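Below is one structure, written out as structure tokens, with a few remarks after it.
We did not get these values from a lab; they are worked out from the coordinates using the rules stated. Predicted, not measured: the structure shown is a model, and the values here were computed from it. Reconstructed Cβ throughout: ideal geometry from the backbone, glycine too, with neighbour counts over all protein chains shown.
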Amino acid sequence: MLPEALLAALLAAAPPQLPRTEEGVEVKVDALHQVLTDADRNVRVPDWSVSWEDLTPRSKLRWRVEKDVLRGGRQEGVDRIRVDNGVLSFTVVPTRGMNLWEARCGDVRLGWDSPVKEVVHPSHVNLSERGGLGWLEGFGEWVNRCGLASNGSPGEDRVPSNTGAIVPVQLTLHGKVSYLPARRVEVIVRTGGGELVDIEILGVVDETMMFGTQLRLVTSIRTAAGSTSLTIHDEVQNLAATPQEFQILYHANFGTPILGDGARVVAPALRVTPRDPRAAEGDVTGWSRYGRPTPSYVEQVYFLKLAADSKGMTEVLLKSPASDRGVSVGFSTKELPYLTVWKNTGARENGYVTGIEPATNYPNNRSFERRHGRVPRLEGGASYRATVTFTVHGDAKAVADAAARVERLLEGRSTQIDPGPVPELCP
Amino acid sequence: MLPEALLAALLAAAPPQLPRTEEGVEVKVDALHQVLTDADRNVRVPDWSVSWEDLTPRSKLRWRVEKDVLRGGRQEGVDRIRVDNGVLSFTVVPTRGMNLWEARCGDVRLGWDSPVKEVVHPSHVNLSERGGLGWLEGFGEWVNRCGLASNGSPGEDRVPSNTGAIVPVQLTLHGKVSYLPARRVEVIVRTGGGELVDIEILGVVDETMMFGTQLRLVTSIRTAAGSTSLTIHDEVQNLAATPQEFQILYHANFGTPILGDGARVVAPALRVTPRDPRAAEGDVTGWSRYGRPTPSYVEQVYFLKLAADSKGMTEVLLKSPASDRGVSVGFSTKELPYLTVWKNTGARENGYVTGIEPATNYPNNRSFERRHGRVPRLEGGASYRATVTFTVHGDAKAVADAAARVERLLEGRSTQIDPGPVPELCP
Amino acid sequence: MLPEALLAALLAAAPPQLPRTEEGVEVKVDALHQVLTDADRNVRVPDWSVSWEDLTPRSKLRWRVEKDVLRGGRQEGVDRIRVDNGVLSFTVVPTRGMNLWEARCGDVRLGWDSPVKEVVHPSHVNLSERGGLGWLEGFGEWVNRCGLASNGSPGEDRVPSNTGAIVPVQLTLHGKVSYLPARRVEVIVRTGGGELVDIEILGVVDETMMFGTQLRLVTSIRTAAGSTSLTIHDEVQNLAATPQEFQILYHANFGTPILGDGARVVAPALRVTPRDPRAAEGDVTGWSRYGRPTPSYVEQVYFLKLAADSKGMTEVLLKSPASDRGVSVGFSTKELPYLTVWKNTGARENGYVTGIEPATNYPNNRSFERRHGRVPRLEGGASYRATVTFTVHGDAKAVADAAARVERLLEGRSTQIDPGPVPELCP
């Protein structure tokens, strides 16, 4: 399949909300389609922008899409796309596997303050360093995809080599896709009746090699005009004729202002398991509450199994100490059945942050996950879809509504909280 | 020696065919000389071209040389030179050690369809990854030089360190030179009597470090006007004052349309040895015949010892199933005494390909090859030359002629086919 | 603290010599301030220059500052700043951690002829290669900072991981800072009364990651108008809230014309210890004398403890065979208490060079240095300063004066020369 066909398929799967007039009549939608990168045609556009002034000059919505290239230090040459739907703004980084760097909506910021102050270019990162923790040298984004061949802890796994022999390989933390540049990037801006309909960023990232991984990520990141949400539609494709494993995890990270002393994660958890003795310290039932920045804090990680609605859709809320700001992460437990919550409330300077991480598995080493049946496999030419929606809540009402939705998903069931690590989940 | 002097020496060694008028009088030859890269003078020309329209406007030969820079994905910033002699066209990649990416001549393509769809920039490849198989992340070219310090399998060898101690090092698959950018690149276009004489691309690639490898590759890639051949003249120079080992292998790779079910390699083989039990499976005498794309196929590799003419020149033919298309690889067994044939007729999507690989050795780990006397050594300041010529055959007659030439090299001698691996050749 | 504040603090710490008229009246000083790189503001200026023609057109001093970008081979994309104060010229490389590539003053060159002929871009270097010796693939500069997290031999050390576990990591030779691009670069040119006062290059380099090193180098490299010296003021800052170790070493390297058969290092050494049996070969008392280029030579390394004046300042002189040219390296033993002398008088083609290396420690593996109390530790938010001054001596008188200054530092004390390695200094 050509990339065009793939993208068309994606679009068909998730049609935009068409605008209607007040009388309910559909308005004709025009789509501005701009290719920013296309390795097949040897195209890369360094600078480009479009805004309400160009396409909807009479609109009150001050929307904008802006592409540029980062300069200086370890970020030299990194492509960046800034999207503003008039209410919610966010940054996509094609050079870093179409990750999302940050979002802002009113006074809410989605993201965190990493000790890494630049959007580090892949050429400055050696994933194998520091015992396979090189990934951490560029870790600073809001939403980081982990995958595609593996997404968990570093360490040995075994794979077939070119000679057919099964050989040991050292997997590196969270896989490679966050350090692979997109081979195709497009912007689609849909307008109708003089107003913005939605903005969509499309990207194709290849994690391919001879005698090894042959996976492609096709992503659509879309936000409707004036909305407080964005949705990531991803498709992982097996480009090979033979079966391949894959893994994907959405490492969504949040610091201030949502995170703070007394912030809480509200999840429809059927079961919560501390990953290791550290996570089981103290009162495990307090797993969902965050403390203030604490210099000596060592990360605590919890593995969750969530309830979902009849269609498999679920929602996890992170809310501020005063419950007046928050963010919901919505996804399907059919696509992403495992959720990891990473609490890392260390000193502000060292990275005060929590991760809400829906995934195809828990982020243990792939060899462990395979043993426990949590590594999906794609037949030759097959693909896998996952969708994650982020919604900002800017006031107490929106936060309370989200909390109520999460509560309803549990349908009165209680949460099993394991007192300590469990063999089939925790290595 | 200055690069200029080196290049001059190379040119002197391989003078172009001077054109003559019909009466046999030599025509004066003009040479257009264009420097595209020169690290010593801080020069790199991003875009440049010259063609028949500029220099031989009345010629019927539509020749052209075009330099540009690849964009997008993992190929961002890679230099490319496309050469067309009017009949044969090919692509040289200075950023990837002056490798040749592809050639075309009529409906014959030299090259293959790798799962890697981009000409990957060295900065996106970590040779040490995956147990030393990182080289495979960018493997997609038609002719890939393996070397210069080592060219074989990954794994441990022992070298002197800065302190004089003999220390273990992990060699990586096929060495580094394919991921080193050329420090000097020149184009020479020779014309005479209103016609093109030949086109030559010169390149200098340094594989150097303190307390380690200090080797330089000086290459000339030349094609005569309207010919169906090109010739690579390489010189490997020991830049140090002290002796150094080196290795070089020409990993020439072919897929469709020459490769197909029933394609054959026709070689003047005195001896054929299967590298491992896998290569010895079934009827070893069928080693020279290729099957159709087969998803479960595991590579089969054969080590060959070839006959040559009185000057040491030999020729290997790869021909299509219908014997109506083919390519010959010509070289000297004095320079490149060992030939490897790599059969990898896996699924088309996974890489359906064969490699014809003349070299200074077999591509086993260098420590094994040294033990068996197959690692050449250069005294301080000394150099080694190797020449490889590729010729496209576009019809049954040309293929039959090539097969007859190969046959004559054997002078009636038979081929010893070993039933299985042999200790001194196969680790 | 903002970089601006940091830089201001640095400036305050080292005020320029203000020019005076012949009557001793201070002249008003103007400062041209040019930002060349600022990752926070997404700025990188490829080409820029300023010279006496622009600012002091009636001056006899032909000074100049020139910024450009290197092209070709492994140096493609490397930023370079060339400074000429009218008498002394030198090159700063922001892309390589603000290292100094070379200096020239009259017929004296500070620097050496490495087998590496390019200023290699960090993206072409894998520090982990060759058993942790990858650093040597780009080693060619005059002054190379080693550090910041570690600066010594490769090999295992143990550090806390994200999970709080103490895990083994493989340190690589001389650390990372030489392969980290500066995130902020500024030029300040001070003039007064129609004359140049001084030129200063400021740089900020981050060696940061999540769950690991969080150190920043803030450097000022300054030279006064028409002087034969330059001074490096460095500050290493702990950006974390928690304590961190750090190490810094100034790998200052010299070849011809100062180095030659009979050249000598003149140091106020209280103690000299050969690092290993090789350094103890022959007459150890000859440690300070250099021989001619010798192809089979294996490096000899000496660890020195120096005398200093009452303020802690010391000076080491390297002088040419005829004692008519030389260079002094001045620093404080309070800041840099350990000096290493690296003798590597191998063949000219292989790198005929000596290193004079003041540091916070000896360049053994960090685990060994820690065990012996030579790894400094910075509290959260704290910083460490070090200053090194290089002065060229262009004639016999200047060399003799420097030698006399060094002699005076010893105040008649003799030098203890250990006959062989010593357990607490040599692993």
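Under 23 Å of direct C-alpha separation, and excluding same-chain neighbours fewer than eight residues apart, C:LYS334 reaches these lysines: C:LYS305, C:LYS311.
Straight-line cross-link partners of A:LYS117 among the lysines, defined as a Cα under 28 Å from its Cα and at least 8 positions apart when in the same chain: A:LYS67, A:LYS176, A:LYS319, A:LYS343, C:LYS67, C:LYS176. Helical runs (DSSP H, four residues minimum) scored at -39500 (n - 2.57) apiece and divided by the length of chain A put the mean residue ellipticity at 222 nm at -2500 deg cm²/dmol.
May I ask you to derive the FRET efficiency for C:ARG104 and C:LEU410 from their Cβ-Cβ distance with R0 = 35 Å, giving the value to the nearest 0.05? Step by step, r from the Cβ atoms, then E = 0.65. Per-residue mean of foreign Cβ neighbours for A:201-208 is 3 (Cβ atoms of other chains, 10 Å radius). Between A:ARG158 and A:LYS397, the simple spin-label model (points 7 angstrom out along Cα→Cβ) gives 6.0 nm. Distance from the C-onto-A rotation axis is smallest for the Cβ of the chain C residue given, in whole Å, as C:SER123, 2. Take C:ASP40, move 7 Å from Cα toward the beta carbon, and the resulting point lies 4.4, 4.4 nm from the same point in each other copy, nearest first.
Rounded to the nearest 20, the size of the Cβ-charge dipole of segment A:30-417 about its Cα centre is 560 debye, with Lys and Arg at +1 and Asp and Glu at -1.
Listed by chain and number, the lysines whose C-alpha is less than 26 Å from the C-alpha of B:LYS28, apart from same-chain residues fewer than 8 away, are B:LYS60. In this Cβ point-charge picture (+1 for Lys and Arg, -1 for Asp and Glu), the protein assembly as shown has a dipole of about 1300 debye about its Cα centre.
Charged side chains reduced to their Cβ positions (Lys and Arg at +1, Asp and Glu at -1) give segment A:269-311 a dipole of some 140 debye around its Cα centre.
Distances from A:PRO295 to itself in the other copies, using label points 7 Å out along the Cα-Cβ axis, amount to 5.9, 5.9 nm in increasing order. Peptide B:209-218 has a mean shielding of 6, counted as Cβ atoms of other protein chains within 10 Å of each residue's Cβ. Residues with beta-carbon under 11 Å from that of B:THR333, excluding B:THR333: net charge, scoring Lys, Arg +1 and Asp, Glu -1? With Lys, Arg at +1 and Asp, Glu at -1, the neighbours total 0.
Across B:ASN350, B:ASN144, B:ASN85, mean-square fluctuation computed from a Gaussian network of chain B (C-alpha pairs under 10 Å connected) peaks at B:ASN350. If R0 is 60 Å, the Cβ-Cβ spacing of B:ASP283 and C:ARG58 corresponds to a FRET efficiency of close to 0.10.
For a test of the definition: using alpha carbon positions, the gyration tensor, and the 1.5 limit on a/c, classify segment A:187-313 as rounded, prolate or oblate. Oblate, because a/c is 1.5 or more while a/b does not exceed b/c. Largest mean-square fluctuation among B:VAL272, B:VAL298, B:VAL87, in a Gaussian network model of chain B whose springs join Cα atoms under 10 Å apart, belongs to B:VAL298.
Ascending distances from the A:LEU61 label point to its copies in the other chains, with the point 7 Å along the Cα-to-beta-carbon line: 6.1, 6.1 nm.
The mean number of partner chain beta-carbon atoms within 10 angstrom of a residue's beta-carbon across peptide C:113-126 is 5. Taking amide H atoms as placed 1.01 Å from N in the peptide plane, the amide H of B:LEU148 lies under 5 Å from those of B:LYS176, B:VAL177, each 5 or more residues away in sequence or on another chain.
Which one of A:ILE221, A:TYR179, A:TRP52 has its Cα pushed farthest toward the positive end of the charge dipole of chain A, where Lys and Arg give +1 and Asp and Glu give -1 at the Cβ? The Cα lying farthest towards the positive end belongs to A:TYR179.
Rounded to the nearest whole Hz, the Karplus-based 3J(HN,Hα) values (6.51 cos²θ - 1.76 cosθ + 1.60, θ = phi - 60°) of segment A:391-399 follow the sequence 10, 8, 10, x, 8, 4, 4, 5, 5, with x at glycine and proline.
Note on B:LEU32 and B:ASP68: with the Förster distance fixed at 22 Å, the Cβ-Cβ geometry gives a FRET efficiency of about 0.75.
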